[in-house]
Amino acid sequence: MHSRFSHGLSIALLSLLLAACGGGSGGSSGAVDVPPGQDGGGTPGDGDKDDPKDPKPAGPADRYALANGCYSLRSLAGEGYVGRNDVGEYVLAKAEAGQASAFFMKPTALGRYMLYDRDESLLNAKAAGAAVGSIAAPRLEVGWGIDDGVDWELQRDEQGRFSLRSIKLDEFLGVDSDSGRLVLVSDPEENGYFGFERGEGCASFPEIGTQAHGETFKGRGVHKPVLGFAEVHAHLSATDFLGHAHYGAPFHRFGVTEALGDGTERHGPHGTLDLVGNLMGSGNPLDTHDTQGWPTFADWPAYNMLTHEGTYYKWVERAWLGGLRLLVTHLVENEVLCTLQTVVGKANLARMDITDLVQAASDLVAPPECNEMESALRQAEYLREMESYIDAQHGGPGKGWFRIVESPEQARAVINEGKLAVVLGIEISHLFNCKVVQPAGLLELVPQCSEAEIDRQLERLHDAGVRHVFAVHEFDNALAGNGIFDGFILNVGNFIATGKFWQTYNCPRQEYFYPAGAEMALSLPIIGHDPLTRLLFDITEGLLPIYPSGPQCNRRWTTDLGRYAFERLMDKKMVIDVDHLELQVKTELLDLAEVREPVYPLVSTHNGHGGLSMAQARRIINGGGLIYPQPGTAEQFVERLEVLRSIANDQYLFAMGYGADTNGLATQPGPRGPGSEPVRYPFSLFQGPDWPEAFVGIEPVVFERSAVPEGGRYFDLNDEGLAHYGMIPDWVESVRIAGGKEALEALYNSAELYLRMWERVNAR
């Protein structure tokens, strides 16, 4: 997590406290952009029309093969197809298939579907005993208003017959033998078996396209170096991070209008309660913005609007089509902010005045749902649901382009298939539940965990598939001190979390790869006559400790528990990230890594946080680790590449990926600006004089501007910067413009370098 101001947590804490006043493609081949409803989806089968009396009809090979296809629904209990009568009821009519309803089969999960009719309505189970009807599908002016009644689980028996079970009511779609109406039955044997046949004229279910044309590349053999770039610091699972300050989700079973629809409920009318996003966007927490997402996206996503979803799965798909082959997504939570948001929510509901609110916030007790470890493990499950959802869109288990991996061997196999290898990481302040507090009357911080708890929680993380770890995040914990890069709000947050302000020392004067420390505030700023000022004064009693001038570093270094945890992480073969560790703690971790035989590789994935000296950077590189910065503009990326090149070790592959920190309150690269050569649309990747020799024989993929044509919304890197994750190919094109072949070669070798580092970790 990071922000352009000081740090995302700083802004979030300010904004959350302010809020207390109540103000306000298909399969692994990579084929792309076939219009929905025109490709039949998945593997539709032979489409032969069978005798209606035949109990063993030909058709889709399995229940997954109907994904995103256009089908008519034929009853196997009599002669007829499902259609609509004169009063709009679903009935079984003795009609030809061409007169039947044509359903677009939109997967909600593996083997589950919404049936989307020509008139943009959905087959809907209303209630037990009631006729099965329809409900209006999404429209901008009315929204969804739907529930589980539109969600149907399909099963295919040994005879090739399909049943449709209502998720809402746990009964099956059937046909009333007297009236011919569709009804719910308790057993599919009661006229509840159907066949699916190719339909015509389906309505296109709402979805965001990739605006990419061509097939992305595959590998050249599982034992050959992979080709593609690595993004090593994203937060795809941050949907409920920061106590629901974030709006939107990377996927939703009911589609894009639910995942990226109107955010008024969470952010308030005109965005008046989106204090974090407003502050990040305009500098004014009380600013307003258009809350509507799909299809107009008037004000969000944007490169500097950090509380709106930036990693919708179709945007990630566009990045994959552009050559993204390894993605590390970090489970993330912050107990302090989660707890504050809980207090804020209760205060707003109870219409507390400021005195009551201050008292409530003074007695903070973290609710169970704010436990960082438990939240992280729930997010790991959520990401596996996302993997399954993407599989469902592509025709069945394992057929999607998004694959969670737990070893470099799995990653190589996935990338060789041309898919995206996704690594789970974790970035929380209380890793292993290792909080630290200062009880009343004591001067020292007391750990709230033990070696046994570290071992237990490490096993839970490993079993969940986590392989990349931050030992420290925003605040001090029982393991070590955090790296300071904010001199006020994070210090207040540390006080709330631990009961103690930071004790500091003057950061060393030396050559830095990333600068260390921050100037510390000596007193609270006078923000005004508002609840924030009152609350901060109450929490801190009006004063911060007195600090020297100049950049200050954190005097809390590695504890005995921290050394134990570092050793256990290495024993468990976890990728260890040095970012957010205090400057001296980074050195102590390097010392522990270098006494191992061979040296244990370490990584830095998003600008060091807390500082990184040139000496430490060299030790990371010489130990077989890697340093990938936040991307910045293409020109900034190229500049950082040259700094990294100056400390490169010829023993290892030279490459540089990036850690964008998307959904982690990090601004993304801004507009190209008048002094930069623009990206010209459409553009082609993988072919041209600037592309390295490794791309010879690879077919190009052509990218138009990312767009939502239904709302007339087009995203242009030159004017808007990297507004969402799907614009990474646009950014890659800007890197080509700024850095040519050398920059592209370093970028597209970055997945291979991460895998080699990971293999060195596992070779112990």
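The values are calculated or read from the model by the stated rules, or taken from the named source; none is laboratory data. Computed from a predicted structure; not experimentally measured. Note: ideal-geometry Cβ built from the backbone for every residue, glycine included; neighbour counts use all protein chains shown.
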Condition check for Glu588: closer than 24 Å to Leu569 by Cβ and surrounded by fewer than 24 Cβ atoms within 10 Å (Cβ to Cβ): yes
Residue in the stretch 414-422 that is within 21 Å of the chain's Cα centre (by Cα), of a type in the set (Lys, Arg) and modelled with pLDDT of 95 or more present: yes
Any pair with Cβ under 9 angstrom, 6 or more apart, that starts in the stretch 392-407 at a residue that is over 24 Å from Glu153 (Cα atoms) and ends at one that is of a type in the set (S, T, N, Q) and surrounded by fewer than 24 Cβ atoms within 10 Å (Cβ to Cβ): Ile404/Gln410; Ser407/Asn762
Where Ala518 falls short, out of the listed (1) of a type in the set (Gly, Ala, Ser); (2) surrounded by 20 or more Cβ atoms within 10 Å (Cβ to Cβ); (3) modelled with pLDDT under 65: (3)
Residues satisfying the stated conditions in the stretch 688-707, i.e. within 22 Å of Thr662 (Cα to Cα) and in contact with a Gly (Cβ under 8 Å, 6 or more places away or on another chain): Phe703, Ser706, Ala707
Residue match in the stretch 521-538 (condition: surrounded by 21 or more Cβ atoms within 10 Å (Cβ to Cβ), in contact with a Leu (Cβ under 9 Å, 6 or more places away or on another chain), closer than 30 Å to Arg640 by Cβ and modelled with pLDDT of 70 or more): no
Test: residue in the stretch 285-301 that is in a loop (DSSP other than H, G, I, E, B), acidic (Asp, Glu), closer than 21 Å to Leu722 by Cβ and modelled with pLDDT under 90: yes
Those residues of the stretch 222-254 which are on the phi > 0 side of the Ramachandran plot and at pLDDT 95 or above, in sequence order: Gly228
All positions within the stretch 606-663 that are over 24 Å from Gly481 (Cα atoms) and part of a strand (DSSP E or B): Tyr658
Counted residues, the stretch 477-493 - those being surrounded by fewer than 24 Cβ atoms within 10 Å (Cβ to Cβ) and either closer than 13 Å to Val436 by Cβ or of a type in the set (A, V, I, L, M) (or both): 3
Meets criteria (among the hydrophobic types (A, V, I, L, M, F, W, C), closer than 23 Å to Gly133 by Cβ, in a strand (DSSP E or B) and out of contact with any Gly (no Cβ under 7 Å at 6 or more places or on another chain)) for Leu173: no
Residue check, Ala615 within 30 Å of the chain's Cα centre (by Cα) and of a type outside the set (Val, Ile, Thr): no
Count - residues of the stretch 141-179 that are within 21 Å of Ser72 (Cβ to Cβ) and at pLDDT 90 or above: 21
Selected residue (only one of Val344, Val328, Val358 is buried (at least 22 other Cβ atoms within 10 Å of the Cβ) and at pLDDT below 80): Val344
Residues of the stretch 305-327 classified as over 21 Å from Phe217 (Cβ atoms) and among the hydrophobic types (A, V, I, L, M, F, W, C), total: 2
Complete set of residues in the stretch 652-689 that are within 17 Å of Gly632 (Cα to Cα), loosely packed, with under 15 Cβ neighbours inside 10 Å and in contact with a helix residue (DSSP H, G or I) (Cβ under 9 Å, 6 or more places away or on another chain): Gly673, Glu677
In the stretch 539-565, residue nearest to Leu581 (Cα to Cα) [restricted to those that are at pLDDT below 95, aliphatic (A, V, I, L, M) and surrounded by 13 or more Cβ atoms within 10 Å (Cβ to Cβ)]: Leu544
Qualifying residues in the stretch 679-689 (those that are among the hydrophobic types (A, V, I, L, M, F, W, C) and part of a strand (DSSP E or B)) - the one farthest from Gly293 (Cα to Cα): Leu685
Subset tally (residues that are more than 20 Å from Val132 (Cα to Cα), under 41 Å from the mean Cα position of the chain (by Cα) and assigned to a loop (DSSP other than H, G, I, E, B)) for the stretch 62-110: 9
